[in-house]
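K.L.:
I am attaching a structure below and will ask some questions about it afterwards.
Just so it is clear, none of the values below were taken in a lab; they were calculated from the coordinates. This one's a predicted model, so the numbers in the text were calculated from it and none came from an experiment. Quick reminder, even Gly has a Cβ in these numbers, built from the backbone with ideal geometry, and neighbours come from all protein chains shown.
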Amino acid sequence: MAEFFKDIPVIKYEGPNSTNPLSFKYYNPDEVVGGKTMKEQLKFALSWWHTMGGDGTDMFGVGTTDKKWGKTTPEEISFAKVDAAFEIMTKLGIEYFCFHDRDLSPEYGSLAETNEKLDRVTDYIAEKMKADPTKKLLWGTAKCFDHPRYMHGAGTSPSADVFAYSAAQIKKAVEATVKLGGNGYVFWGGREGYETLLNTNMALEQDNMARLMKMTVDYARSIGYKGDFYIEPKPKEPTKHQYDFDTATVLGFLRKYGLEKDFKMNIEANHATLAMHTFQHELRVARDNGVFGSIDANQGDMLLGWDTDQFPTNIYDTTLCMYEVLKAGGFTNGGLNFDAKARRGSFKLDDIFYSYIAGMDTFALGLRIAAKMIDDGRIDKFVEDRYSSWTTGIGADIISGKATLEDLEKYALEKGEVVDSLSSGRQEMLESILNNIMFSL
Ligand code: XLS
Ligand code: NI
Ligand code: NI
């Protein structure tokens, strides 16, 4: 089999003092950080769409990188992508991957033919996974947003025929996920949203989306799928109003339709930014509500209002992300998928390696600092002390349910002014403690 990257060696950990750009400075897969190896803590995954297929095309111009992998027909390209992906993963030491059905194998003349061609590619992946059992599927999903039939949505389309078609496509994508041993299946909104209420029955569209999810869960469980389902919140793009705006909105949706037992969140960093939240906020909402699942790791550009999907290089963000992951007890079925692409101007194929090294090292550094934050304890202790009034006296009575509104009135009348019960939030001091922890690694 052809080697696609002859000049790229297996990337090794060389430590922070190395100046070799083809080495890890912070990611040392077998080193134990926070009670597990870095490899287990981070569970990095390659995204098929950006990495194997994304060629730099944008609305102003054609692709800048040739991602045909030396082949011409769609079938050949699909198979070559598998070989190239496995080579990239092996050289980077990445054990997981994730896919959209149509990025593994495109659409052909009919759904039956499309399914059959997809089967051949997933058979080939299964063979390669058998030969190298370190390679695992993090999650699968269906691309129910690019074909014109999905212009008004898939599960939320006004057309019942389109709904049925998307259901058929999702059934097959779930089968592919199960066949490859995946423990995650993602629903990202795609075009599930609307542009104007002048033409939209929002209530019916949301009921239908829930129906599709319920059918998918029932079917997947019936064929033995034990993994998690994820919703990946995103506030806008491509539609103006995406139904899965952010984690809090999705939680309301899941609870309304009784889907909260099967679904968790796939939190994407750049989607959090688009919803005007921090990445950490989205992760905290998920953790606090028991729906922390998996992570799409990228970063946006604060000056641009769209999903730029950049490889993460911001250490503050990865630190606070890994702090939430550690506090959530680490990943179970989920992992950290690089839903990220090299910039259009980074057009050489080997930029794939530089990009992943940058992202993996940034997360490794984030993990190291987050583990230190927890060991250091100053920040956690500050928060604990700040809420200490809830552990005894009136606070404890409120929490236990013992105190009534009348009791609280009596308490307040007796107590008088309570402004002195407050202490400073000390934000600047805490930010400076974080800097101190960061730079005393
Ligand atoms: C798009 C999404 C998409 C999902 C998978 O913004 O991030 O790539 O991760 O459908
Ligand atoms: Ni994503
Ligand atoms: Ni995205």
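K.L.:
Quick one: helix 160-179 against the long Cα principal axis of the chain, what's the angle to the nearest 10°, folded into 0 to 90?
P.N.:
Once rounded, one gets 90 degrees.
K.L.:
Here's something else I'd like to know. For segment 1-67, what is the relative contact order in percent, using Cα pairs closer than 8 Å and at least 6 residues apart in sequence? Don't skip to the end; give the middle numbers.
P.N.:
On the way: 52 pairs, mean separation 10.0, N = 67.
The normalised contact order for segment 1-67 reaches 15 percent.
K.L.:
If you place +1 on the Cβ of every Lys and Arg, -1 on the Cβ of every Asp and Glu, and leave all else neutral, what size is the dipole of the chain about its Cα centre, to the nearest 20 Debye? List each step's numbers first, then the result.
P.N.:
Numbers: 51 positive and 65 negative charges, 153 e Å.
That gives the chain a dipole magnitude of about 740 debye.
K.L.:
Another question, if that's okay. Take ASP218, ASP244, ASP101 and order them by how many other Cβ atoms sit within 10 Å, fewest up front. The partial results should precede the final answer.
P.N.:
On the way: ASP218 10, ASP244 23, ASP101 27.
If I rank by nearby Cβ atoms, fewest first, I get ASP218, ASP244, ASP101.
K.L.:
In segment 343-441, which trypsin sites (Lys or Arg not before Pro) fall in coil by DSSP and have 16 or fewer other Cβ atoms within 10 Å?
P.N.:
Values: sites: ARG343, ARG344, LYS348, ARG368, LYS372, ARG378, LYS381, ARG386, LYS402, LYS410, LYS415, ARG426; in loops: ARG343, ARG344, LYS348, LYS402, ARG426.
Taking segment 343-441 and a limit of 16 other Cβ atoms within 10 Å, the loop trypsin sites (Lys or Arg not before Pro) found are ARG343, ARG344, LYS348, LYS402, ARG426.
K.L.:
Here's another thing I want to ask about it. Normalised by the residues of the chain, what does the relative contact order come to in percent, with Cα pairs under 8 Å and at least six apart?
P.N.:
Numbers: 698 pairs, mean separation 66.1, N = 441.
Relative contact order of the chain: 15 percent.
K.L.:
Given Cα pairs under 8 Å that are at least 6 residues apart, what percent is the relative contact order of segment 223-265?
P.N.:
43 percent
K.L.:
Could you sort the peptides 314-326, 195-207 by per-residue average Cβ neighbour count (10 Å cutoff), highest mean leading? Could the numbers behind the result be given before it?
P.N.:
On the way: 314-326: 22.3, 195-207: 12.2.
My ranking of the peptides, most packed first, is 314-326, 195-207.
K.L.:
In the chain, with Lys and Arg counted as +1 and Asp and Glu as -1 at Cβ, which of these residues, CYS98, ALA210, THR273, has the Cα nearest the positive end of the dipole, that is, farthest along it?
P.N.:
Result: CYS98.
K.L.:
Can you give me the Kirkwood hydrodynamic radius for the chain, using every pair of distinct Cα atoms, in Å to one decimal?
P.N.:
Working: mean 1/r = 0.0425 Å⁻¹.
Kirkwood radius, the chain: 23.5 Å.
K.L.:
Also, I was wondering about something else. What do you get for the angle between helix 247-256 and the principal long axis of the chain? Use alpha-carbon atoms, 0 to 90 degrees, nearest ten.
P.N.:
Roughly 90 degrees, rounded to the nearest 10.
K.L.:
Relative to the longest principal axis of the C-alpha atoms of the chain, give the angle of the C-alpha long axis of helix 111-131, reported between 0 and 90° and rounded to the nearest 10°.
P.N.:
So the inclination is approximately 80 degrees.
K.L.:
Which loop-located trypsin sites (Lys or Arg not before Pro) does segment 182-289 contain, where loop means any DSSP state but H, G, I, E or B and the Cβ has at most 12 other Cβ atoms within 10 Å? Walk me through the intermediate numbers first.
P.N.:
On the way: sites: ARG191, ARG211, LYS214, ARG221, LYS226, LYS236, LYS240, ARG255, LYS256, LYS261, LYS264, ARG284, ARG287; in loops: ARG191, LYS226, LYS236, LYS240, LYS261.
Passing both the DSSP loop test and the Cβ count: LYS226, LYS240, LYS261.
K.L.:
Taking the Cα centre as origin and putting +1 on Lys and Arg beta-carbons and -1 on Asp and Glu beta-carbons, what dipole magnitude results for segment 1-124, to the nearest 20 debye? Provide the component values of the computation, followed by the final result.
P.N.:
On the way: 14 positive and 21 negative charges, 87 e Å.
With Lys and Arg at +1 and Asp and Glu at -1, about 420 debye.
K.L.:
Test of understanding: ordering ASP307, ASP103, ASP296 by Cβ neighbours within 10 Å, fewest first, what list do you get?
P.N.:
On the way: ASP307 18, ASP103 21, ASP296 26.
Going from least to most buried by this count: ASP307, ASP103, ASP296.
K.L.:
How large is log10 of I(q)/I(0) for segment 63-172 at q = 0.17 Å⁻¹ when the intensity is taken from the Debye formula with one equal scatterer per alpha-carbon?
P.N.:
Taking Cα atoms of segment 63-172 as identical point scatterers yields -0.89.
K.L.:
In segment 1-84, which chymotrypsin sites (Phe, Trp or Tyr not before Pro) fall in coil by DSSP and have 11 or fewer other Cβ atoms within 10 Å?
P.N.:
Working: sites: PHE4, PHE5, TYR13, PHE24, TYR26, TYR27, PHE44, TRP48, TRP49, PHE60, TRP69, PHE79; in loops: PHE4, PHE5, TYR26, TYR27, PHE60, TRP69.
Answer by residue number: PHE60.
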